[in-house]
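Written below as structure tokens is the structure these notes are about.
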Amino acid sequence: FLDLPPEDRDILGTAALTGRTIDVALVARLLAAPVPVVARRLDAAVQAGLLAGSQHLSFTHDLVREAAAETIPVHRRVALHSTIAHALLERDDLVGALPHLVEGFAALDPAWAIETIGNGADALAARLAFEEELAIATRLADIVHADPRCGPGHEAATLLRLSWAHQRLGDI
């Protein structure tokens, strides 16, 4: 991984934020680069055994993906997660956008993010994915509590969402 050129590591780090399977078009959008350029820059990572796949590239191991993601500075990671969330929402992938909405919360309008994450939690509940719903609601409650931009109304909405998740899971 460290033997890759810095430009390739940056592309690989950005790709790591999108998930285990690399969406080259999304990575190109995030980097404001043409898709063929991004695809070509990933060749060295394939040759190094960091990525594999024929039709869709994916990281060969989660540790590689995590290491690549850690190369992106925190402030850029938050902004990239926010951008990824918006791109996935444009594709009508609310559930896929959830982790990015949570990780990019600091770069989003809190009221909009809380409402959108709540809608995503409802979508998880509709799929009977109650544990995932609780995990998202718990993470959101922690973020909202620590975010100085959030007030009592934000916190109340988040705590209500958390109680619903516990109720659906059968904890209450």
Quiz item: Within segment 70-87, is there a residue that is β-branched (Val, Ile, Thr), open to solvent by 30 Å² or more (accessible area, probe 1.4 Å), part of a helix (DSSP H, G or I) and in contact with a Leu (Cβ under 8 Å, 6 or more places away or on another chain)?
Solution: yes
Self-check item: Test set (1) open to solvent by 30 Å² or more (accessible area, probe 1.4 Å); (2) part of a loop (DSSP other than H, G, I, E, B) - LEU4 fails condition number
Solution: (1)
Practice problem: Give me a count of the residues in segment 136-151 that are under 12 Å from ILE117 (Cβ atoms) and without any contact (Cβ under 8 Å) to a residue 40 or more places away in the chain. | Solution: 7
Practice problem: Only residues that are under 24 Å from ARG29 (Cβ atoms) and either among the β-branched types (Val, Ile, Thr) or not in a helix (DSSP H, G or I) (or both): list them for segment 88-127, please. | Solution: ARG91, ASP92, ASP93, VAL95, VAL102, GLY104, LEU108, ASP109, THR116, ILE117
Practice problem: Find the residue count for segment 26-48, including only residues that are within 19 Å of THR60 (Cα to Cα), open to solvent by 40 Å² or more (accessible area, probe 1.4 Å) and part of a loop (DSSP other than H, G, I, E, B). | Solution: 1
Practice problem: Please list, ordered by first then second residue, the pairs with beta carbon atoms under 9 Å, 6 or more apart or interchain, first in segment 119-133 and open to solvent by 10 Å² or more (accessible area, probe 1.4 Å), second of a type in the set (Val, Ile, Thr) and part of a helix (DSSP H, G or I). | Solution: ALA123/VAL95; LEU124/VAL95; LEU124/ILE136; ARG127/VAL95; ALA129/VAL95; GLU132/VAL95
Self-check item: Unique match (being of a type outside the set (Lys, Arg), open to solvent by 80 Å² or more (accessible area, probe 1.4 Å), over 30 Å from GLY49 (Cβ atoms) and touching a helix residue (DSSP H, G or I) at 6+ places or on another chain (Cβ under 9 Å)) among LEU98, LEU159, LEU140, LEU108
Solution: LEU159
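The values are calculated or read from the model by the stated rules, or taken from the named source; none is laboratory data. None of the values given here were measured: they were computed from a predicted structure. Every residue, glycine among them, receives a Cβ derived from its backbone with ideal geometry; neighbour counts consider all protein chains shown. Remember, those area values only see protein heavy atoms, side chains included, never the ligands or the DNA or RNA. Shrake-Rupley method; radii C 1.70, N 1.55, O 1.52, S 1.80 Å.
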